[in-house]
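The values are calculated or read from the model by the stated rules, or taken from the named source; none is laboratory data. What you see is a predicted model, and the numbers here were worked out from it, not measured in a lab. Note that each Cβ is placed from the backbone with ideal geometry, even for glycine, and that neighbours are counted across all protein chains shown.
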Amino acid sequence: MGGKESRMSDLISRQALCEYALNQKDKSITPNEIMRFPSAEPQWTPCSKRMPEKMGLYLVTLEYKEHGKGVTTLWYHGEQIGWDLRVADVVIAWMPLPAAYEKEKN
């Protein structure tokens, strides 16, 4: 999903939360508070802004000198070692992986 579509999806989700808040008898949360919540959609984080706080597997955008850009998963070893780069020239952005698929319980 591109940036514009992702933003639209996030706004629709927030609108649904606002409508839910307005229809509840318990007014402990307001629509304005909902709009300040962080986005529910994972977002790309440029490596130039910051690196992950924890070691682990991440979804990354790679930049190759000869082949352009690509998306894959890579292991981040922390600040001292960095990314496990064996196939690309540089990691330009990253995001956490989504939760693993779980079959719906009926």
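Of the listed requirements (1) of a type outside the set (Asp, Glu); (2) surrounded by fewer than 14 Cβ atoms within 10 Å (Cβ to Cβ); (3) modelled with pLDDT of 80 or more; (4) in contact with a strand residue (DSSP E or B) (Cβ under 6 Å, 6 or more places away or on another chain), residue 52 misses just one: (2).
If we scan the range 90-101, do we find a residue that is at positive phi and either free of Cβ contacts under 8 Å to residues at least 60 places away in the same chain or in contact with a helix residue (DSSP H, G or I) (Cβ under 8 Å, 6 or more places away or on another chain) (or both)? Looking through the range 90-101, none of the residues is at positive phi and either free of Cβ contacts under 8 Å to residues at least 60 places away in the same chain or in contact with a helix residue (DSSP H, G or I) (Cβ under 8 Å, 6 or more places away or on another chain) (or both). Looking across the range 91-101, just one residue is surrounded by fewer than 16 Cβ atoms within 10 Å (Cβ to Cβ), at pLDDT 85 or above and more than 13 Å from residue 43 (Cα to Cα), and that is 92.
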